[in-house]
1. Going by C-beta contacts inside 10 Å, put 111, 78 in order with the fewest on the left.
2. State whether region 84-123 is rounded, prolate or oblate according to the following rule on the C-alpha gyration tensor (a ≥ b ≥ c being the square roots of its eigenvalues): a/c under 1.5 gives rounded; otherwise a/b larger than b/c gives prolate, and the remaining case gives oblate.
3. At R0 = 35 Å, how high is the FRET efficiency between residue 114 and residue 18 if r is their beta carbon distance? Nearest 0.05 is fine.
4. Given a Förster distance of 25 Å, report the FRET efficiency between residue 26 and residue 91 from their Cβ-Cβ distance, rounded to the nearest 0.05.
5. If we sort 92-100, 18-26 on the protection proxy, mean other Cβ atoms within 10 Å, highest first, what's the order?
6. How would you rank 75, 10, 109, going from fewest to most other Cβ atoms within 10 Å of each one's own Cβ?
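The numbers here are math on the coordinates, done by the rules we state, and not lab data. Owing to the predicted nature of the structure, the values given are computational and were not obtained by experimental measurement. FYI the Cβ positions are ideal-geometry reconstructions off the backbone, even for glycines, and counts take in every protein chain you see.
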């Protein structure tokens, strides 16, 4: 019984992560250059045990009863690099990437960073 609760709890935790991921995607839907994320999950078989004695009332030569406790966990949070919609901004310094690639920018601290957002400030 307790093992079944752990299995159900792992499923609820995975579903909560999926809902959080969807909420994050919706919250950033209008963010320039934002890439949607998709949660990936993996099935688990984390405990296996077999009774050596046959079940009561069965034939002595019957196979032993084996039980598996099942669950799930997140395996990755994949970033989907699909092409977004193009829209004009009126700023001559704004650019767009069609296809694969990133813009290489230098942050105020001097370190290099990469982005797909094409909004670049004037000066």
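1. Working: 111 8, 78 12.
With the fewest neighbours first, 111, 78 line up as 111, 78.
2. oblate
3. On the way: r = 27 Å, r/R0 = 0.79.
Step by step, r from the Cβ atoms, then E = 0.80.
4. After rounding to 0.05, the efficiency reads 0.40.
5. Those peptides, ordered most packed to least, come out 18-26, 92-100.
6. Fewest-to-most Cβ neighbours within 10 Å comes out as 109, 75, 10.
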